[in-house]
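J.: Shown below is the structure under consideration.
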Amino acid sequence: MTPTTTTPAPSAARTPQQAPARTAAEVTGARTDDAAELITGARERIDALDDRIIGLIQERMAVSAVIQEARMSSGGRRVNLAREMEVLAHYRDALGKPGTALAMTMLELCRGRV
């Protein structure tokens with residue numbers, strides 16, 4: 001005897017259930033409305049800071065491209081490892097070990113295609 005399988009109903013036939021609206025406390029994980037309001041405002045500030053950080057990184061990438069082009073057109077190498085070590089040390093000194101990882105990612109972004 002072979003097992004029988006059932007074919008699931010087409011998903012188009014299903015009607016999506018609309019999720020009930022969530023309160024600010026549910027969205028933020030806060031236990032009070034006051035805390036939820038504070039968290040919501042702080043998250044908006046973080047989002048604005050993230051936008052600025054992204055813009056600064058994009059600006060840094062453009063400046064780095066100018067430096068790389070000048071170095072290569074003068075017969076130099078694309079990457080200056082001594083300079084990269086200075087940048088890594090600067091971030092490590094300012095932010096600790098996670099700063100080094102952050103700097104590595106930023107340097108990778110700024111190098112472009114090697």
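The values are calculated or read from the model by the stated rules, or taken from the named source; none is laboratory data. Just so it is clear, the structure is predicted and the values come from calculations on it, not from any experiment. Note that each Cβ is placed from the backbone with ideal geometry, even for glycine, and that neighbours are counted across all protein chains shown.
J.: Can you name the residue in the stretch 19-38 that is among the charged types (D, E, K, R) and surrounded by 10 or more Cβ atoms within 10 Å (Cβ to Cβ) and is also modelled with the lowest pLDDT among such residues?
T.: Ranking the qualifying residues of the stretch 19-38, first place goes to Glu26.
J.: Restrict the check to the stretch 39-54 and report whether at least one residue is on the phi > 0 side of the Ramachandran plot and either surrounded by 10 or more Cβ atoms within 10 Å (Cβ to Cβ) or modelled with pLDDT of 95 or more (or both).
T.: no
J.: Report the residue count in the stretch 67-81 for those that are under 17 Å from Leu109 (Cα atoms) and surrounded by 10 or more Cβ atoms within 10 Å (Cβ to Cβ).
T.: 6
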